[in-house]
Amino acid sequence: MTTPVLDHLSRPLGSLRLSLTDRCNMRCRYCMPEEEYLWLPRESILTFEEFDRLAGMFLGLGATKIRLTGGEPLLRQDLPSLVRMLSRQPELEDLAMTTNGILLADQAAALHEAGLHRVTVSLDTLRPERMLAYARSPKHPQVLEGITTAKKTGFRAVKLNSVIIRGFNDDEILDLLEYARAHEVELRFIEYMDVGGATKWSMADVVSRADLLRVIGERYGPVQPVAAVGWGAAPAERFLLPDGTQFGIIASTTAPFCRSCDRSRITADGTWYLCLYAEEGIDLRHFLRQGASDGELRALICETWAGRRDRGAEARHALVDRGVLYALEGLRADPRREMHTRGG
Ligand code: SAM
Ligand code: SF4
Ligand code: SF4
């Protein structure tokens, strides 16, 4: 029997992100721009059984959605086994994954068969040479193949995420939209965020929701907002082009949506963060490995969530002089501050 738990601002514990690994086979400049990284110790990484047990606790407290992320989640060996375990959880209504797509073509069918409902692929450019320069990967054809394979596989939805950055890919806004339209996948533009790890971030490089809507409106005519429904609707605001094409914008930088945020995330080493920007997390691995009972874990999660007041992106938005969240020393002090560890 599900007992919903609300935080201090009456936000439910609705969706959980599991960052399955801090490793990645890309080096996107907005996420992993440095040459060297500190990795989580191997023995600290949760097993699939541990992730499944924690997921069960959250689902028993009102969560209905899980997103697998990372780092690159497809680097986790035998991912369909975890998907199969999670999909047996009776309260789970939506099981999704965010991936850079490089390894997707090979794994899409097995993941779908195991019970994965939805896939979001990050695609920032249609130009292979740009991906090589900006994300240090020559695997652009594999990403596109991943998208088309996923589309054929029968997932409930395949979506694209595009982080738009001034001077990098802001000349591809319309091309990305056309690509999404041609492939019948919904595109969500993401504003460049000053998250941990984005050590090259500057407000001048952010292409805002207003900028995006202007460029798109100039090409297609009036863009209609689509009314948001329910808690799960955030963070993407959706819009319709005159021909009925739908797209989304995640305006976390210029128009944050913390008031309706029902998300939390668990890193690959079992640290639970109540906010993408939170400095500290709760070490759930310690409790798991010390033999905590289900009741003890449930009580810990309930009590922690009930005290949640986080509004990280709103706090960043309120700053007058906004710069990077952490300089390199701050990230080296705790690699869980990195977006690629915490899970986007
Ligand atoms: N590796 C997978 C991928 O790229 O899809 C999953 C993890 S990645 C951290 C999740 C999402 O976070 C991606 O869509 C990525 O574009 C986004 N992201 C990473 N750094 C970001 C930043 N500084 N601003 C906005 N979005 C960012
Ligand atoms: Fe890029 Fe995702 Fe890897 Fe970050 S975790 S470097 S966003 S592919
Ligand atoms: Fe939620 Fe924190 Fe993101 Fe705000 S900044 S939407 S509270 S995760």
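The values are calculated or read from the model by the stated rules, or taken from the named source; none is laboratory data. What you see is a predicted model, and the numbers here were worked out from it, not measured in a lab. Positions of Cβ are generated from backbone atoms using ideal geometry, with glycine treated the same way; all protein chains shown enter the neighbour counts. Surface areas here come from the heavy atoms of the whole protein model, side chains and all, with no ligands, DNA or RNA. Shrake-Rupley method; radii C 1.70, N 1.55, O 1.52, S 1.80 Å.
Select, from Arg127, Arg67, Arg156, the only residue that is buried (at least 17 other Cβ atoms within 10 Å of the Cβ) and either closer than 28 Å to Trp305 by Cβ or touching a helix residue (DSSP H, G or I) at 6+ places or on another chain (Cβ under 8 Å) (or both).
Arg67
Write out, first by first residue and then by second, each pair whose Cβ atoms fall under 9 Å of each other, whose residues are 6+ apart or on separate chains, and whose first residue, in region 93-107, is on the phi < 0 side of the Ramachandran plot while the second is within 11 Å of ligand 1 (Cβ to nearest atom) and acidic (Asp, Glu).
Thr99/Glu72; Asn100/Glu72; Ile102/Glu72; Leu103/Glu72
Can you run down the residue pairs with Cβ atoms below 8 Å, 6 or more apart or on separate chains, where the first is in region 68-86 and near ligand 1 (Cβ under 9 Å from one of its atoms) and the partner is modelled with pLDDT under 95?
From region 68-86, the pairs are Thr69/Gly343; Thr69/Gly344; Gly70/Gly343; Gly71/Gly343.
Can you confirm whether Arg84 is crowded, with 16+ Cβ neighbours inside 10 Å and either touching a Pro at 6+ places or on another chain (Cβ under 6 Å) or in a helix (DSSP H, G or I) (or both)? Please lay out each step first, then the result.
Numbers: crowded, with 16+ Cβ neighbours inside 10 Å: yes; either touching a Pro at 6+ places or on another chain (Cβ under 6 Å) or in a helix (DSSP H, G or I) (or both): yes.
Yes, satisfied.
Name the one entry in Gly146, Gly196 that is open to solvent by less than 10 Å² (accessible area, probe 1.4 Å), within 16 Å of ligand 3 (Cβ to nearest atom), under 25 Å from Pro33 (Cα atoms) and of a type in the set (Gly, Ala, Ser).
After applying the criteria, what remains is Gly196.
Mind listing whichever residues of region 26-58 are charged (D, E, K, R) and either at pLDDT below 95 or open to solvent by 60 Å² or more (accessible area, probe 1.4 Å) (or both)?
Answer for region 26-58, where residues must be charged (D, E, K, R) and either at pLDDT below 95 or open to solvent by 60 Å² or more (accessible area, probe 1.4 Å) (or both): Arg29, Glu35, Glu36, Arg42, Glu43, Glu49, Arg53.
Answer yes if at least one residue in region 188-203 is assigned to a loop (DSSP other than H, G, I, E, B), of a type in the set (A, V, I, L, M), away from ligand 1 (no atom under 14 Å from the Cβ) and farther than 20 Å from Arg130 by Cβ, and no otherwise.
No - not one qualifying residue is present in region 188-203.
Quick test of your reading of the structure: Asp170 fulfils all but one of (1) among the charged types (D, E, K, R); (2) surrounded by 16 or more Cβ atoms within 10 Å (Cβ to Cβ); (3) closer than 27 Å to Arg316 by Cβ. Name the failing condition by number.
Here Asp170 clears every test but (2).
So, in region 17-44, of the ones that are in contact (Cβ under 8 Å) with a residue 24 or more places away in the chain and among the acidic types (Asp, Glu), which residue ends up farthest from ligand 3 (Cβ to nearest atom)?
Among them, the one singled out is Glu34.
How many of the residues in region 321-344 are assigned to a helix (DSSP H, G or I) and either open to solvent by less than 60 Å² (accessible area, probe 1.4 Å) or touching a Phe, Trp or Tyr at 6+ places or on another chain (Cβ under 6 Å) (or both)?
9
Which condition number in (1) farther than 23 Å from Gly56 by Cβ; (2) away from ligand 1 (no atom under 16 Å from the Cβ); (3) surrounded by 21 or more Cβ atoms within 10 Å (Cβ to Cβ) is the one that Val223 fails?
Among (1) farther than 23 Å from Gly56 by Cβ; (2) away from ligand 1 (no atom under 16 Å from the Cβ); (3) surrounded by 21 or more Cβ atoms within 10 Å (Cβ to Cβ), Val223 violates only (3).
Got a number for residues in region 130-143 being surrounded by fewer than 18 Cβ atoms within 10 Å (Cβ to Cβ) and assigned to a loop (DSSP other than H, G, I, E, B)?
Going through region 130-143 one residue at a time, the tally reaches 2.
Within region 244-276, take every residue that is more than 23 Å from Leu68 (Cβ to Cβ) and within 13 Å of ligand 1 (Cβ to nearest atom) and give me the one that is surrounded by the most Cβ atoms within 10 Å (Cβ to Cβ).
Ile249
Take the residues of region 289-320 that are over 14 Å from Leu16 (Cα atoms) and either open to solvent by less than 20 Å² (accessible area, probe 1.4 Å) or assigned to a strand (DSSP E or B) (or both): which is farthest from ligand 3 (Cβ to nearest atom)?
Ala292
What's the number of the only condition in (1) in a loop (DSSP other than H, G, I, E, B); (2) of a type in the set (A, V, I, L, M, F, W, C); (3) touching a strand residue (DSSP E or B) at 6+ places or on another chain (Cβ under 9 Å) that Leu18 fails to meet?
For Leu18, the exception is condition (1).
Identify all residues within region 277-288 that are aromatic (Phe, Trp, Tyr) and either surrounded by 19 or more Cβ atoms within 10 Å (Cβ to Cβ) or assigned to a strand (DSSP E or B) (or both); write none if there are none.
Tyr277
From (1) under 27 Å from Met26 (Cα atoms); (2) in contact with an Asp or Glu (Cβ under 9 Å, 6 or more places away or on another chain); (3) away from ligand 1 (no atom under 16 Å from the Cβ), pick out the condition that doesn't hold for Gly307.
Going through (1) under 27 Å from Met26 (Cα atoms); (2) in contact with an Asp or Glu (Cβ under 9 Å, 6 or more places away or on another chain); (3) away from ligand 1 (no atom under 16 Å from the Cβ) one by one, Gly307 breaks only (1).
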